[in-house]
Structure formats: structure tokens, C-alpha cells
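Working notes, structure below.
The values are calculated or read from the model by the stated rules, or taken from the named source; none is laboratory data. Not measured: the values here are computed from a predicted model. Cβ atoms come from the backbone with ideal geometry, glycine included; neighbour counts cover every protein chain shown.
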Amino acid sequence: MSNNLNKGKVNDFDLDDDMDEEESVEKNNSSNDLKKLLLKLILIIGGGVLLLILVLSITSIFTNKKYSFEQIEGVMVEASKQYLKEHPDILAITETRTIEIPVNNLIADGKMNDLSEYVAEGVSCTGKVVVAKVGSEYVYTPTLNCGDAYSTIPLYTKISEDSPIVTSGYGLYNLNGEKVFRGEKVNNYVQLEKALWRIVKIDSANNVYLIKETPTGFTAPWDNRYNDKIGYNVGINIYSTSRIKEYLDTIYDTTKESEIFLSVNDKAKLLPYDVCSGSRATNSQTNNNDIECKTKENNQKLGLLTLSDYINASVAPGCATAEDRNCQNYNYLVKNFDWWLTTPVSNTTDRAYSVTVKGEIKSSQTGDYYNVRPVIKLNSTVAISGGSGTEIDPYVVK
């Protein structure tokens with residue numbers, strides 16, 4: 001009987017222990033659940049705070065971000081592209097002209113915010129985008145004016161700032177109604193996307209004429225047709241029907257990567273111009289292009305330098321005619337190769353002027369093969385992104 005009672009006590013004791021253990025486990029589980037709940041709440045609250053900070057940061061970026069001026073110009077270009085998608089009639093332009101889109105039009109059409117939202121407080125800006133057509137493509141050139149804070153700098157303006165007009169020595173001269181670089185060492189280098197060029201002159205409308213620093217890579221005859229006055233295939237010195245003009249037209253349109261020296265963006269910055277190709281006597285002292293421009297080939301994208309322009313690049317005393325050998329002195333256009341000018345020699349049918357490897361002016365037979373240095377005319381609106389015009393730091397066109 002007692003054994004059973006003892007067994008009963010033992011059983012009761014074990015039951016109590018089990019109950020205590022269960023209660024302890026339940027308490028632990030409850031405590032763990034509470035901790036997990038608190039941790040979740042902390043994570044939720046913390047995540048919410050971080051999300052709020054992120055949202056506020058993003059909102060701040062899009063509502064209060066201040067852009068660099070170059071970034072603003074990029075915004076203007078993208079806005080113009082969107083604008084023209086909705087106004088395709090405006091794009092009915094040819095390669096001989098451009099269109100201008102004022103920034104106010106882009107703002108009014110909802111394509112971009114007011115310029116004041118992109119710049120620091122107190123800065124006031126105006127701007128426009130010039131659109132040019134090159135083949136089937138369109139090229140966009142932004143101009144931004146923010147007063148003293150920033151202005152898109154046209155090439156001609158930078159040239160004038162860096163090279164004040166001089167009356168002696170090397171530099172930029174007022175000559176024949178144009179600004180002309182003269183001398184052996186002048187800071188007139190310009191880098192386009194594909195090649196390095198030299199500034200020859202700035203006309204009265206602030207358009208800039210450039211000559212390619214290096215030749216095109218191929219020599220060519222000025223002309224090599226049969227000349228019935230001579231009786232041989234020595235060429236005919238009429239520029240409008242010459243091989244050299246054909247060659248310039250061909251290399252402008254070439255699609256061969258190894259021969260391309262003007263990119264699509266480069267071409268969009270060009271203005272067609274009248275290439276002066278009138279013949280001139282070797283002893284003529286008229287160096288204002290009046291003689292050369294009596295005959296013109298209109299609306300050309302590429303041309304060659306005239307005899308007057310070559311002579312005017314020298315500051316050598318006594319350099320006035322094609323016969324003056326000292327025109328090779330103090331002249332930045334002298335190169336270590338022979339190259340063609342556009343001017344025929346008067347009273348001949350088979351001769352045109354060239355420049356020798358020494359820089360001398362030569363009356364050459366048009367059938368001879370010399371290097372070609374194309375001349376282009378840049379629009380006055382063309383701007384630069386930097387540079388000082390030196391050979392190691394040329395003006396870089398945007």
C-alpha cells in the first residue's frame with residue numbers, strides 16, 4: 001500500500017516538473033516571439049525611415065538639382081530632339097541652311113523646365129539650339145548665355161580674345177575687310193572631330209576659314225585632260241571642270257573610313273561658300289582676292305586656298321607677287337610637301353599655282369601630282385569647348 005503511495009508521490013512530482021518545464025518553454029517562446037515582433041517593428045520603422053530619406057533625396061535630385069552648364073546644354077539638345085518629333089514640319093530644311101529653336105519654345109512646349117531651375121539662385125540664362133542637316137541626319141548645336149557665370153563661346157570670339165589685332169610681327173591683322181593670320185608662328189590651330197586645321201581668316205560676318213594642316217593622304221593632278229592647245233594630256237586650267245574639283249567633291253562624300261576627314265558633326269558646322277578660281281598673272285601685286293574672285297564656283301563645301309591668301313599669310317618684306325621667292329619666309333602655311341592652290345596662271349591653258357616643299361610659289365603644269373589641302377568655311381555660330389589655339393592645345397570645336 002505504501003509502495004503504491006510512494007509511486008503516486010513520485011508520479012505527482014514528475015507531473016509538477018513537467019508542468020514547470022512546459023510553463024518555462026511557453027514563457028521562453030513568448031519572450032522570443034516578443035523579441036521577434038520588436039525586431040520586426042524596428043526593421044519596419046527603420047526601413048520606413050530609410051525609404052522616406054531615399055524618396056526625399058530622389059525628389060530633391062529632380063526638383064532642386066543644379067546642373068553644370070555643359071549638362072544644361074545637353075538638356076537643351078535632348079529637349080530639341082523631342083520638340084522636333086512633335087513638329088516634323090520644322091525639319092523641312094536643306095543642307096544649305098539651319099533652323100534655330102529658342103529655349104523659350106522648348107520650355108513653353110513642356111520639353112524642359114525653366115532655365116532658372118537648373119542653375120544657382122541669381123543666375124539668369126537664355127539660350128537656343130541650332131539644327132543643321134547633313135545628308136539624312138540632323139546635328140544639334142546648343143548656345144547658352146548666362147551672363148558672367150557662363151556663355152557658350154563662339155570660335156571667332158575666342159580667337160579675337162586670344163589674338164588681339166596687330167600691325168606688325170606675327171598675329172592677327174585687319175586686312176581687306178577681314179581678320180587674317182600672318183606670320184610663321186601663330187596660334188591658329190583648330191581641332192575638329194577627325195582632323196587638325198589652321199585658321200586662315202575670319203570674314204566680316206564672323207565665319208571662319210580653315211585649311212587642313214596635313215594633306216588628304218593622296219596626291220592628285222589639278223587636271224589631266226587632253227589639252228588641244230598643247231596637244232597632250234597635260235590638263236586644262238578651268239576649275240569648274242577640273243579634276244581637282246571632282247576630287248574634292250569625292251572626298252567630301254566618301255564613306256571609306258580611312259579617307260574620312262570630316263565627321264557628320266564636322267560637316268554640320270560648315271557653310272557652303274564661293275570658291276574663287278580666277279586666273280592671275282605671276283607679276284600681279286593685287287592681293288585682296290579681287291582678281292581671283294572674278295571667277296567663282298558657287299556653293300562649294302570644299303575648296304582650295306587662293307594665291308592671294310597664301311601671299312597674305314607671309315609677313316616677309318617684299319612678298320607681293322607669285323614671283324617673290326621670299327613669300328616662303330615667315331609663313332605658317334609652308335609645309336614639307338608640295339600642294340595645290342586654286343588659282344590658274346593667266347595667259348596659259350595648262351598651268352596653275354602650287355606651293356613647293358620649300359614654300360615657294362610655283363607655276364605648275366596642271367597634270368602634275370601634288371598634295372591637296374582642303375579649305376572649309378565654319379559657321380559663325382560654331383562654339384568651342386576649350387583650347388588656346390596652340391599646336392599642343394588647339395581650339396576644340398563642340
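Each row is one residue, and each column tells you yes or no for (1) of a type outside the set (K, R); (2) in contact (Cβ under 8 Å) with a residue 12 or more places away in the chain; (3) buried (at least 21 other Cβ atoms within 10 Å of the Cβ); (4) in contact with a helix residue (DSSP H, G or I) (Cβ under 6 Å, 6 or more places away or on another chain).
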residue: E323; (1), (2), (3), (4): yes, yes, no, no
residue: C327; (1), (2), (3), (4): yes, yes, yes, yes
residue: Y330; (1), (2), (3), (4): yes, yes, no, no
residue: D338; (1), (2), (3), (4): yes, yes, no, no
residue: L341; (1), (2), (3), (4): yes, yes, yes, yes
residue: V345; (1), (2), (3), (4): yes, yes, yes, no
residue: T348; (1), (2), (3), (4): yes, yes, no, no
residue: A352; (1), (2), (3), (4): yes, yes, yes, no
residue: V355; (1), (2), (3), (4): yes, yes, yes, no
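Contact map, the stretch 66-86: first residue assigned to a helix (DSSP H, G or I), second residue of a type in the set (G, A, S) and at pLDDT below 90, Cβ cut-off under 7 Å, separation 6 or more or different chains; the map is empty.
Go over the candidates K194, K201, K158 one by one and state the one that is over 24 Å from S354 (Cα atoms), buried (at least 17 other Cβ atoms within 10 Å of the Cβ) and not assigned by TED's automatic domain parsing to the domain that holds P272.
Exactly one of K194, K201, K158 is over 24 Å from S354 (Cα atoms), buried (at least 17 other Cβ atoms within 10 Å of the Cβ) and not assigned by TED's automatic domain parsing to the domain that holds P272, namely K158.
Close Cβ contacts (under 6 Å, 6 or more residues apart or on different chains) running from residues in the stretch 170-189 that are under 12 Å from Y209 (Cα atoms) to residues that are modelled with pLDDT under 95 are absent. The sole residue among A313, A383 that is at pLDDT below 95 and either under 30 Å from V264 (Cβ atoms) or not polar (S, T, N, Q) (or both) is A383.
Across the stretch 204-256, the qualifying residues are those that are of a type in the set (K, R) and more than 26 Å from K179 (Cβ to Cβ), and the one among them that is surrounded by the fewest Cβ atoms within 10 Å (Cβ to Cβ) is K256. Considered as a group, the residues in the stretch 221-254 that are polar (S, T, N, Q) and closer than 23 Å to Y273 by Cα include one that is farthest from the chain's Cα centre (by Cα), and that residue is N237. Just so you know, in the stretch 161-191 the residues that are aliphatic (A, V, I, L, M) and not in a strand (DSSP E or B) include one that is surrounded by the most Cβ atoms within 10 Å (Cβ to Cβ), and it is V186.
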